[in-house]
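A short worksheet on the structure shown next.
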Amino acid sequence: MTQLNHTHNPSATSWLASANGHPDFPIQNLPYAMFAESGKYLSWRAGVAIGDQVLDLAALHAKKLLTGHAAAALDTAAGPSQNVLGLNAFMATGPDTWTALRHALFALLSSDATASTQADVKACLTPQANAVYRLAANVANYTDFYTSIHHARNVGRIARPDNPLTENFQWVPIAYHGRASSVVVSGTNFRRPMGQSMAPGAKAPVYGPCARMDFELELGLFIGQGNALGEPIALANAEQHMFGICLLNDWSARDIQFWEMAPLGPFLGKNFCTSISPWVVTMEALAPYRLPFTRPADEPQPLAYLDSEANRAQGTLDIQLAVEIETAHNRAHKEAATTVSQTSFRHQYWTFAQMVTQHTMGGCNLQSGDLLGSGTISGPTPAQAGAIIELTRGGKEPITLNTGETRSFLLDGDAVTLRGWCEKPGFVRIGFGENRGEILPARP
Ligand code: MN
């Protein structure tokens, strides 16, 4: 696992003033995205967030400021031969190369950089206000886990009040194979899906627009190096395959989902849109915010292949998360959105390393740029629930927004924004930016 080093030093500053004290993108973060300048021919390239700017890695590559391993790393991320679809080749290189580039960019952006370096790098900055984004990687495969015991209990209670938790939950990191083609970047709005649903007590299903539209607050893990078919990733090696983390909203059509998912799992209830944030925060940037993975003594302990000293020592991440709902009324009156939930990833029942190991244990091959969703992140209290179906107890107890409007489920025109950040005494705050999507009316 990544050790702390000078790039985590809270007293480090950048010559770029907007970086210092920036809530998301100080010099200690340096997350990656694929971006282009809006209003022009869209020329996609890799970028790194610093303060309110994007450092254009293709422009930086042309400056030839780096040498050795860092120069090779930059060539992989943004050299002329790089695929504009995403950072898959850079993700595939592995932790030593990710570290080489992070440390080199840190030096270029540091207050300690020479005046001529600062001038060279300044010429490679684009304001984030002028940037548009695409997915950070070409996502060939998307898998969504189900690793919050609080979410599993809250949702299970709606379907099975006497036995909310399925008997496998505390033994197996549960997941389904999702749809990669409908993974979209933040800011992509989508139409409410049509589908089939069965109302409680009805004799036959009906076809129509989804009536129970929900969000799911999740994190997404981008896979770095893949593994060969038939060669599982042991838990001891899982962290080396983890490139970084983004915000993920697994939009869910609950009425469609609950009617269709027996016995093979979610299908149309989940495959119409999955939104992720443009910025991917690296595992190295997240190193200060790790926590021990613990299991209460009276609960099943992980089987040996899902257990290790390193995972127990620091497998968990304390990532703070919040969900906002903005209605058409909020927008019309230029009012702030309502924060409907706030929690932390620390409450999750399984770690990302355990998810990677579980995914590959039967021999399945992961590829660079594959996306693993954490599953809905719900904390132990009702206000920490990561989906509206939990906040409203199956739609029975509507929540009231700051406009006075109520919601059992999401309506057309509602936008949901996910935010994430890490803070800890002795370190600066870093953040993930935002992940936003708006629900458009169903296709007529
Ligand atoms: Mn999900």
Quiz prompt | Which listed residue is in the same structural domain as Gly86 (by TED's automatic domain parsing) and either more than 20 Å from Glu299 (Cα to Cα) or not in a loop (DSSP other than H, G, I, E, B) (or both), from Ala129, Ala180, Ala152 | solution = Ala129
Quiz item: Taking interchain pairs and intrachain pairs at least six residues apart, which have beta carbon atoms under 7 angstrom, with the first residue in the range 149-168 and closer than 16 Å to Thr381 by Cβ and the second open to solvent by 40 Å² or more (accessible area, probe 1.4 Å) and modelled with pLDDT of 90 or more?
Solution: His150/His347; His150/Pro380; Ala152/Tyr146
Self-check item: Output for the range 280-305, where each listed residue is under 20 Å from Met242 (Cβ atoms), part of a loop (DSSP other than H, G, I, E, B) and charged (D, E, K, R)
Solution: Glu284
Self-check item: Of the criteria (1) open to solvent by less than 10 Å² (accessible area, probe 1.4 Å); (2) closer than 27 Å to Leu135 by Cβ; (3) within 16 Å of the ligand (Cβ to nearest atom), which one Ala353 fails
Solution: (3)
Self-check item: One residue from Leu135, Leu101 being within 24 Å of the chain's Cα centre (by Cα) and free of Cβ contacts under 8 Å to residues at least 40 places away in the same chain
Solution: Leu101
Exercise. Would you check which residues across the range 374-432 are within 16 Å of the ligand (Cβ to nearest atom) and either under 13 Å from Thr338 (Cβ atoms) or open to solvent by 30 Å² or more (accessible area, probe 1.4 Å) (or both) and list them?
Key: Ile388, Leu391, Leu410, Val416
Quiz item: Taking into account only those residues within the range 170-211 that are in contact with a helix residue (DSSP H, G or I) (Cβ under 9 Å, 6 or more places away or on another chain) and within 15 Å of the ligand (Cβ to nearest atom), which is nearest to Asn365 (Cα to Cα)?
Solution: Ala175
Quiz item: Does the range 308-323 contain at least one residue that is without any contact (Cβ under 8 Å) to a residue 12 or more places away in the chain, away from the ligand (no atom under 16 Å from the Cβ), open to solvent by 10 Å² or more (accessible area, probe 1.4 Å) and in the same structural domain as Arg290 (by TED's automatic domain parsing)?
Solution: yes
Quiz item: Any idea which of Asp144, Asp162, Asp96 is among the charged types (D, E, K, R), farther than 16 Å from Trp279 by Cα and either within 16 Å of the ligand (Cβ to nearest atom) or open to solvent by less than 40 Å² (accessible area, probe 1.4 Å) (or both)?
Solution: Asp144
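The values are calculated or read from the model by the stated rules, or taken from the named source; none is laboratory data. Note that the structure is predicted; figures quoted are calculated from it, not measured. Note that we place each Cβ from the backbone using ideal geometry, even for glycine, and neighbour counts take in every protein chain shown. Each accessible area value is taken on the protein alone, full model and side chains, heavy atoms only, with ligands, DNA and RNA left out. Shrake-Rupley method; radii C 1.70, N 1.55, O 1.52, S 1.80 Å.
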